[in-house]
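Taken together, the values in this text are just the output of simple stated rules run on the coordinates, not laboratory data. As the structure is a computational prediction, the values presented were derived from the model and not from experiment. Glycine gets a Cβ as well: all are built from the backbone with ideal geometry, and neighbour counts include every protein chain shown.
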Amino acid sequence: QVQLVESGGGLVQPGGSRRLSCIASGRNFSLLHMGWFRQTPGQGREFVASIAWSGGAADYADSVKGRFTISRDNAKNTVYLQMNSLKPEDTGVYYCAAAHFAQDVVTRNFDYWGHGTQITVSS
């Protein structure tokens, strides 16, 4: 079993930056593929970014490509989401997720989820 806890949410001005963190506890973090999703007002949960267990194969939603960067530190059991040039439409609850298999990353069918952290982009 894997537990995921996100942190780093808050209020950010448009154009600003924020880094989210997700700490995993449980077994074999370094073997898990990790991802970030978000739920924006009035919309369902959408994929934001993912990263393979090795730290490679980063993938991004078109809406965040060039602005967000996903990374991980396996020694700290932590995955990060660096968010730059934030826009009001980036407002939402951001969730960390973990998957055992690469195919589950492709289908966005992750096995474990955190409880989310709120990001509000507003002046």
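Things to note:
- Highest-first arrangement of 67-77, 29-39, where packing means the average Cβ count within 10 Å: 29-39, 67-77
- Cut-off under 5 Å, modelled amide H: who pairs with Y112 long-range: A98
- Couplings for the stretch 57-63, taken from phi via the Karplus curve 6.51 cos²θ - 1.76 cosθ + 1.60 with θ = phi - 60°, read 6, 5, 9, 9, 5, 4, 5 Hz in order; Gly and Pro are left as x.
- Sites Q82 and V106, calculated FRET efficiency, Cβ-Cβ separation with R0 22 Å, nearest 0.05: 0.40
- Shown here are the Rg and Dmax of the Cα trace of the stretch 41-123, at 13.0, 40 Å.
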